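Quick note: the coordinates plus some simple rules give every number you see, no bench work behind them. Since we're looking at a predicted model, the values are computed, not measured. All Cβ positions, even for glycine, are placed from backbone atoms using ideal geometry, and neighbour counts span all protein chains on display.
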Amino acid sequence: MKKRFIPAMQAGPIKHAAAVALLTASAAFATSNAQAWTLKEAAQPYSGTTIKAIFLDRPGYKAAQQLIPQFEKETGIKVRWEVIPYENTREKEVLNFVGGGDQDIVLVDVVWIGEFASNKWLVPIKKFTDDPKLADPNLNLKGFFPILLDSFGSWDKVTYGLPFDNYSGLMFYNKCMLKDAGFDEPPKTWDDLLNTYAPKLTKGDKFAFALQSRRGETQSADSFMRVLWPNGGSLLDAKFKSNLMSPQSQAGLEYRQKLMKYMPPGIVDFDHAEAVNALAQGQVAMITEWSAFYPTLTDPSKSKIGNCLAITTEPKGPAGLKPALGGFSLAVNAKSNAKKQAASWLFIQWITSEAMAKPYLEAGGVPARMAIYEDKAVQDKYPFVKPMVESWQGGVPDYRPRFPEWPAISEVIGEWGSKMMLGQVTVKEGAQTIGQKTEDILKKAGYYDGKKPLLK
Amino acid sequence: MASPVMHARGPRKPARYFSVLPRSPAFWFLIPAIAALAIIGIYPLLLALYNSFHQYKLADLASGTPFVGVDNYIATLTDPTFWEALGRTALFLCVTLPIEVALGLFAALLLHRTELPWMRAAARVSLVIPMATTYAVVGLIGRLIFNRQFGVANYLTGLIGIPPQDWLADPTLAFVSVMIMDIWQWTPFCALILLAGLSMVPKEAEEAARLETPKWSMILWHLQRPYLLPGLTAILILRSADMLKMFDAVFTMTRGGPGAATEFISVYIQRVGFRLFDQGMASAQAIILLILTIVLSRLYIRFVYREAA
């Protein structure tokens, strides 16, 4: 588009005027179209339809639950949801897909998009955005943070879902504990954290840091991958071979072993709840956790930290700021009937819209819309916004590979990453085993003989 | 009015129709149970058997479900993780089951005493409570009991001067924690079954034995033992099968960790079947587990139950 417009504008005043007129006319058309389209009218054919979703027991879903009655009132579409633990979500959804379940709105974790899309279990959003009756002219896909739309909702250049529950890894810290130890600001680098802050903040039953490392996705995503990227390491190289024996990856994994000295005992059994609770109860001074835990840490019934809570980006490593990236998109189940698919799309489009970003944020959710975070009042009210936006701007889109083989690799890391932390195997032995098993999985999947494109 | 011919033919028809079915009431009483068993037990078993000879990956159905012969069985039997998980389960079984039986027998002998009948009644009721608790909830209770900071386990060990332990983060202690929760939940079952056995001993014989000897061990071995053996066989079969397929409590308590310290065979099969979605391989593993359970049961019957006969 741009290439066509630029010569036209340079061709002279008449052509310039024509181009401006054309632009104005198309803008006016878009506006009139926007005025013509209403959710109520779009939903009229689907009034009375019931659509089903799977939700988690997390703030973003509670926020959606508060807003759903508004959608139901406006559209007549009934939204039903089932809250299940994260650990069972993928299992439940896959069984739904293959067993013909009744789930219409699919919750897609960033690491499931490859599997769900490759199996054609999701409807590409193009089907709906190309339909003027269903597509909100104000949808504005470019209004989403690109990293979130690409990572959570897209696979192989096709978009399937819109980002709904969005996280970035942040550092939450107890500024009072830091001040008592003589620090006016949080550590800027992982190296500072280990060598300068940790020794002074670890005394008796108080510890400098907690890195949730329980076996499962917590070990693989929150613990293992978190120490690879900032050190310049990674799980795989460009040819999908293990990169864990590289000096950078080894440095990251060795770093984690050293930092364990300043973590509470039993850290290999810490899940998100335990890490957040350790900071909330004043047991540890710093944690790196998902931005979504901000409401938990500021809830006086769950947290004692009060005004001592402060938030910043994760520390930088030799490779710069490489924070954890995670979150979920909402997509439409390809196995649902056409009516339910349309109704589901209308809901997804509505809950992730720019218009709903503020109510969603105020209800405890974290929207993926850029515009909302430009509001100064929002930045002041939610201290996690600034570091989160900074993290999303500098994050790694494939922080965890999103291909269908990730769950199998995550299981391997869950087991051997924990063994490494416990000292049952050395860092080198653990990395070698994970690398070998990962390559076996990828070889079987056909990545090395060209049967599958190297997509992650 | 019906003609005589028609009248003569009329009643024969239903008689012929029903004559192919047995008239025995036992047949009709058994039919619902057999039907239920066929739907709930036999059909899934046959399906698992069928799947075990096929490639059946739920998350990759596009590649089809071809017949692969015994490949899944070979892959299972040559998988070191499978053997490690099986070994861990065998260790758990060999250590936990005797403790449950011993504690259950101790409790049963105490409850068998005739003093304070109301205490016996109260104890019997309270014994049912752990058994009635859902497995997953037992795991969650375990997480609370063995929490390093707030758990009652560290509180109790602290009373005798032992420093706080990382029950769920230390591989050995995590194994012990799961054992303790299983013993807590299933010792009452052993106690109730063995108590039923003890109550079968004729009162006259028991009184005569008590007059003969004051040693309870003599009475237990020579008089009560034969009555306990059928119950003991049932305990061994049921608890072994239960331990081989123990999943919920372990999953909620440790998720198989730390490392692989509590990854028992069922946790591993669940991982293969519902995390990796390799139903073919998981079915082969489940069939091998079933064969193991049957062999164990036959051994119990041969060596324990036969002794009672």
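The Cα center of region B:223-300 and the Cα center of region A:299-360 differ in position by 40 Å.
The trypsin sites (Lys or Arg not before Pro) of region A:83-145 meeting both criteria, a DSSP state outside H, G, I, E and B (loop) and at most 13 other C-beta atoms within 10 angstrom of the site's C-beta, are A:K120, A:K133. In this calculation the C-beta distance from B:A123 to B:V295 is compared with R0 = 35 Å, giving a FRET efficiency of 0.45. Each Cα pair under 8 Å and six or more residues apart adds its separation to the average, and for region A:240-394 the resulting relative contact order is 17 percent. Only DSSP H runs of four or more residues enter the estimate; each adds -39500 (n - 2.57), and after division by the residues of chain A the mean residue ellipticity at 222 nm equals -13000 deg cm²/dmol. If you take the charge dipole of region A:314-377 about its Cα centre, with +1 on Lys and Arg Cβ and -1 on Asp and Glu Cβ, which of A:M356, A:G327, A:N337 is farthest toward its positive end? The Cα lying farthest towards the positive end belongs to A:N337. The modelled label-to-label distance for the pair A:K339/B:T172, using points 7 Å beyond Cα in the direction of Cβ, is 6.5 nm.
With 29 Å as the limit, the listed pairs A:K120/A:K142; A:K302/A:K428; A:K52/A:K126 have A:K302/A:K428 beyond it between alpha carbons. Per residue of peptide A:207-214, the mean number of Cβ atoms on other chains within 10 Å of the residue Cβ is 1. Evaluated with a Cβ-only charge set (Lys, Arg +1; Asp, Glu -1), chain A carries a dipole of roughly 840 debye about its Cα centre, given to the nearest 20. Nearest 5 is fine: what % of DSSP beta bridges in the protein assembly as shown come out antiparallel, could you say? The antiparallel fraction comes to roughly 75 percent. Label point of B:L91 set 7 angstrom out along Cα-Cβ; within region A:399-440, no amide nitrogen lies under 11 Å from it.
Taken about its Cα centre, chain B carries a charge dipole of roughly 1300 debye when the Cβ of each Lys and Arg holds +1 and the Cβ of each Asp and Glu holds -1. Once the Cα-Cα distance is subtracted from the 0.36 nm per residue extended length, the A:K241 to A:K381 segment shows a gain of 45.9 nm. Put a dot 7 Å past the Cα of A:T196, heading toward its Cβ, do the same for B:L49, and the two dots end up 7.0 nm apart. Per-residue shielding of B:139-148, expressed as the average number of other chain Cβ atoms within 10 Å of the residue Cβ, stands at 1.
When the charge dipole of region B:91-263 is built from unit charges on Cβ atoms (+1 for Lys and Arg, -1 for Asp and Glu) and taken about the Cα centre, the candidate among B:S199, B:I180, B:G256 whose Cα reaches farthest toward its positive end is B:S199. Put simply, the C-alpha atoms of chain A give a gyration tensor, and the ellipsoid matching it has half-axes of 39, 26, 24 Å, longest first. Among the GluC sites (Glu not before Pro) in region B:37-145, those placed in a DSSP loop whose Cβ has at most 15 other Cβ atoms within 10 Å are B:E115.
Each of A:V396, A:T296, B:L289 was placed along the dipole of the protein assembly as shown (beta-carbon charges, centred on the mean Cα), and the one lying farthest toward the positive end is B:L289.
Charge dipole of the protein assembly as shown (Cα centre as origin; +1 on each Lys and Arg Cβ, -1 on each Asp and Glu Cβ, all else neutral): 1540 debye, rounded to the nearest 20. Straight-line cross-link reach from A:K322 at under 22 Å between alpha-carbon atoms covers these lysines, not counting any fewer than eight positions away in the same chain: A:K188, A:K239, A:K241, A:K258, A:K386, A:K456.
On the basis of the beta-carbon distance and an R0 of 30 Å, A:S301 and A:K258 show a calculated FRET efficiency of 0.25.
Per residue of peptide A:410-422, the mean number of Cβ atoms on other chains within 10 Å of the residue Cβ is 4.
Just need the relative contact order of region A:131-263 here, percent rounded to a whole number, with Cα pairs under 8 Å and 6+ apart. List each step's numbers first, then the result.
Details: 107 pairs, mean separation 18.2, N = 133.
Over region A:131-263, the number comes to 14 percent.
In the distance distribution for chain B, Cα-Cα pairs more than 30 Å apart total 53 percent.
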